[in-house]
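Comments concern the structure below.
A short reminder: the numbers here are calculations on the coordinates, not readings from a lab. Keep in mind that this is a model prediction, so the values were computed, not measured. Backbone-built Cβ (ideal geometry, glycine too); neighbour counts: all protein chains shown.
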Amino acid sequence: VRLEIKKGDFIWLEGRAAAGKSLLMRTLAGKLRPAKGELLSYASAPLCTPGAALLENESVKDNIMTLLRGKEDSAFVMAELLKHMNLFSARNIPAKNLSGSQRQMLILATFLVLDAEMIFFDDPLVPLDNEQRVLFIQAAEKKRDQGTAILISSTLACPAACPALTKHLLLKDGKLNEE
């Protein structure tokens, strides 16, 4: 597999269940070493996986503010992100009391607020409805506009609501092809 990820890339990695997307994502994010071959960069990147941890007893707002602590305009950034992710009305609710799709939106928001050169999202869309998927993709595109490379893996085809896409990759039979 040969893949170059540059600053500001927005990459969609599509493949069937058990095609190896998660393994590839963990390797690219620096969480695993390749069994053979080499990574030209071993920089670790945040990897958002299904069921990533939240501060369960803390509010939606506090889950985000914990990551923004000490940053300029943190309250504004938090409020704007929660509005965009359709979580603002739930901002004072503890994470443990959220619905499944609200939890997933909060998990995604906690990764989108990170300062990172690259952020990987492994199958983030499964528990989301179509409206939430569009909201997440728009928020990820906004993060990409700030210079962060975004890589999303999914069993779902790349949605039409993804105009900022720079690469659409298909993983099939152990081979990675650009669509």
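Reported count of residues in the range 78-98, each being in contact (Cβ under 8 Å) with a residue 24 or more places away in the chain, assigned to a helix (DSSP H, G or I) and surrounded by fewer than 16 Cβ atoms within 10 Å (Cβ to Cβ), is 1. For the residues Leu170, Leu156, Leu114, the requirement of being surrounded by fewer than 18 Cβ atoms within 10 Å (Cβ to Cβ), hydrophobic (A, V, I, L, M, F, W, C) and touching a Gly at 6+ places or on another chain (Cβ under 9 Å) singles out Leu170. Scanning the range 1-28 for residues that are acidic (Asp, Glu) and surrounded by fewer than 19 Cβ atoms within 10 Å (Cβ to Cβ) yields Glu4, Asp9. Within the range 29-55, the set of residues being closer than 27 Å to Arg103 by Cβ and either hydroxyl-bearing (Ser, Thr, Tyr) or surrounded by fewer than 20 Cβ atoms within 10 Å (Cβ to Cβ) (or both) comprises Gly30, Lys31, Leu32, Ser44, Pro46, Thr49, Pro50, Gly51, Ala52, Ala53, Leu54, Leu55.
So is Ala53 assigned to a loop (DSSP other than H, G, I, E, B) and either under 20 Å from the mean Cα position of the chain (by Cα) or not small (Gly, Ala, Ser) (or both) or not? Taking the combined requirement at face value, the residue satisfies it.
Put simply, of Leu32, Leu55, Leu68 the only residue that is over 25 Å from Ile137 (Cβ atoms), touching a helix residue (DSSP H, G or I) at 6+ places or on another chain (Cβ under 6 Å) and in contact (Cβ under 8 Å) with a residue 24 or more places away in the chain is Leu55. Of the strands (runs of 3 or more DSSP E) lying entirely inside the range 99-179, those containing at least 2 residues that are within 15 Å of the chain's Cα centre (by Cα) are 118-122, 149-154.
For residues that are more than 22 Å from Gly51 (Cβ to Cβ) and in contact with a strand residue (DSSP E or B) (Cβ under 8 Å, 6 or more places away or on another chain), scanning just the range 117-151, find the one that is surrounded by the most Cβ atoms within 10 Å (Cβ to Cβ). The selected residue is Thr148.
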